[in-house]
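Peer 1: I'd like to ask some things about the structure below.
The values are calculated or read from the model by the stated rules, or taken from the named source; none is laboratory data. Everything numeric here is computed off the predicted structure, so don't read it as measured data. Every residue, glycine among them, receives a Cβ derived from its backbone with ideal geometry; neighbour counts consider all protein chains shown.
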Amino acid sequence: MNNLKKLAALSVVSVVMLSACKPAEKAEPHSAYLFAYFTGNSKADESIHFAVSDDGFNYSALNSNQPVILSEDISRTGGVRDPHILRGHDGKSYYMVVTDMVCHNGWDSNRGMVLLKSDDLVNWKHSAVHFPERYAGQDSLKRVWAPQTIYDPEAGKYLVYFSLKYGDGPDVIHYAYANDDFTDLEGDPKPFFIPKDGKPCIDGDIVEKDGKYYMFYKTEGHGDGIKIAVTESLTSGKWEEQPDYKQQTEDAVEGAGTFKLIGDDRYILMYDVYKAHRYEFAQTTDLENFEPVKENVTMDFRPRHGTVMTITDSELQRLKEKWGNAE
């Protein structure tokens, strides 16, 4: 009997050792790009659209460039703008935030944003955050613009940042942490980044590189271009401002969206040359010095402010099965 017990114990140990030695399942590599954007200033165009690319430069619209999510189903105003899409730090969840706004109601007409979360990039849960109802003391709030999300490892939470304008004051980028299920914001919004000159800034877009956070932002109404501020901690660090503009044009630009190319050391900075009705890409390897991309950039649609996220082939096929190829 003792020998039988020893054999059984050895069998258990062997199974455990084999399990421990089994190689971990490799994550599927990223092989394509998903572009989330809106298309214009009419109410019908203020909606979430998706496009995909194999190389990061040539994009085809999904769903025949029609909305993939109906604005009236998710927003208070009936329109949404400035979609920002993010892969969760677990690699398997996805987050979007959008401005809840119809611009024909006036540039000072919106008071909130919409938070969205998905497990498959196809089905999205949503929650509108209307600041006058969510927070006290919002009588002088004029607008809530261009929210974006980043995971803050120090807090272990998702940080949502956006610009707020109160009364005659400047647009100031604020932040608040999202709750665990990404349906609401926790605590009161706090100032996040204020340029040294104290002038308005909007359209914050943060990229993490080598332990530092690079915030691209638009100098609203004074230069109308894109600058960068850098910090080592999202909420407790000091922002160091780079003095020069990063866009590769003399025309006014907004809506910075930055992403890293797959298998390449280059980062792409894209922006909306909104008065000239075109979209441009610039490139950098150090997030400080920029130049125009050498590749041709093509899109079978005209985007406005949007963002790009890298995706796997499985995710690409899932998106195509739901919304079809542009072809």
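Peer 1: Would you be able to tell me the number of residues in segment 215-257 that are part of a loop (DSSP other than H, G, I, E, B), among the hydrophobic types (A, V, I, L, M, F, W, C) and under 19 Å from the mean Cα position of the chain (by Cα)?
Peer 2: So the answer is 2.
Peer 1: Next up: Of the residues that sit in segment 234-252 and are surrounded by 13 or more Cβ atoms within 10 Å (Cβ to Cβ) and either of a type in the set (Ser, Thr, Tyr) or in contact with a Gly (Cβ under 6 Å, 6 or more places away or on another chain) (or both), which one is farthest from residue 294 (Cα to Cα)?
Peer 2: So, considering only residues that are surrounded by 13 or more Cβ atoms within 10 Å (Cβ to Cβ) and either of a type in the set (Ser, Thr, Tyr) or in contact with a Gly (Cβ under 6 Å, 6 or more places away or on another chain) (or both), the one farthest from residue 294 (Cα to Cα) is 235.
Peer 1: Any residue at all in segment 181-204 that is hydrophobic (A, V, I, L, M, F, W, C) and loosely packed, with under 13 Cβ neighbours inside 10 Å?
Peer 2: no
Peer 1: Do any residues in segment 189-212 that are within 21 Å of residue 271 (Cβ to Cβ) and touching a residue at least 24 places away in the same chain (Cβ under 8 Å) have Cβ atoms under 8 Å from those of residues that are of a type in the set (Ser, Thr, Tyr) and exposed (fewer than 14 other Cβ atoms within 10 Å of the Cβ), where the two are at least six apart or on different chains, and which pairs are they?
Peer 2: Close Cβ pairs satisfying both conditions: 192/235.
Peer 1: Hey, could you check segment 283-327 for residues that are of a type in the set (Asp, Glu) and in contact (Cβ under 8 Å) with a residue 60 or more places away in the chain and say which is surrounded by the fewest Cβ atoms within 10 Å (Cβ to Cβ)?
Peer 2: Once the filter is applied, the top-ranked residue is 327.
Yes/no matrix, rows are residues, columns are (1) modelled with pLDDT under 95; (2) of a type in the set (S, T, N, Q); (3) more than 19 Å from the chain's Cα centre (by Cα); (4) more than 22 Å from residue 57 (Cβ to Cβ):
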| residue | (1), (2), (3), (4) |
| --- | --- |
| 177 | no, no, no, yes |
| 201 | no, no, no, yes |
| 259 | no, no, no, no |
| 286 | no, no, yes, no |
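Peer 1: Let me ask something else. Name the single residue, out of those in segment 106-122 being touching a helix residue (DSSP H, G or I) at 6+ places or on another chain (Cβ under 9 Å) and surrounded by fewer than 20 Cβ atoms within 10 Å (Cβ to Cβ), that is modelled with the lowest pLDDT. Talk me through it step by step, then tell me what you get.
Peer 2: Residues of segment 106-122 that are touching a helix residue (DSSP H, G or I) at 6+ places or on another chain (Cβ under 9 Å), as a first pass: 109-114, 116, 120-122.
Checking which are surrounded by fewer than 20 Cβ atoms within 10 Å (Cβ to Cβ) leaves us with 109, 120, 122.
Numbers: 109: 93, 120: 98, 122: 98.
Going through the qualifying residues, I end up with 109.
Peer 1: Quick one: which of 84, 104 is within 22 Å of residue 274 (Cβ to Cβ), more than 18 Å from the chain's Cα centre (by Cα) and not in a loop (DSSP other than H, G, I, E, B)?
Peer 2: 104
Peer 1: Keeping to segment 305-319, report how many residues are assigned to a helix (DSSP H, G or I) and either under 23 Å from residue 80 (Cα atoms) or small (Gly, Ala, Ser) (or both). Lay out the reasoning, then the answer.
Peer 2: Residues of segment 305-319 that are assigned to a helix (DSSP H, G or I), as a first pass: 313-319.
Next cut, either under 23 Å from residue 80 (Cα atoms) or small (Gly, Ala, Ser) (or both) only: 314, 319.
Here the count works out to 2.
Peer 1: Could you check segment 261-282 and list, in sequence order, the residues that are free of Cβ contacts under 8 Å to residues at least 24 places away in the same chain, more than 15 Å from residue 209 (Cα to Cα) and either touching a strand residue (DSSP E or B) at 6+ places or on another chain (Cβ under 6 Å) or outside any strand (DSSP E or B) (or both)?
Peer 2: Listed by number, the list holds a single entry, 263.
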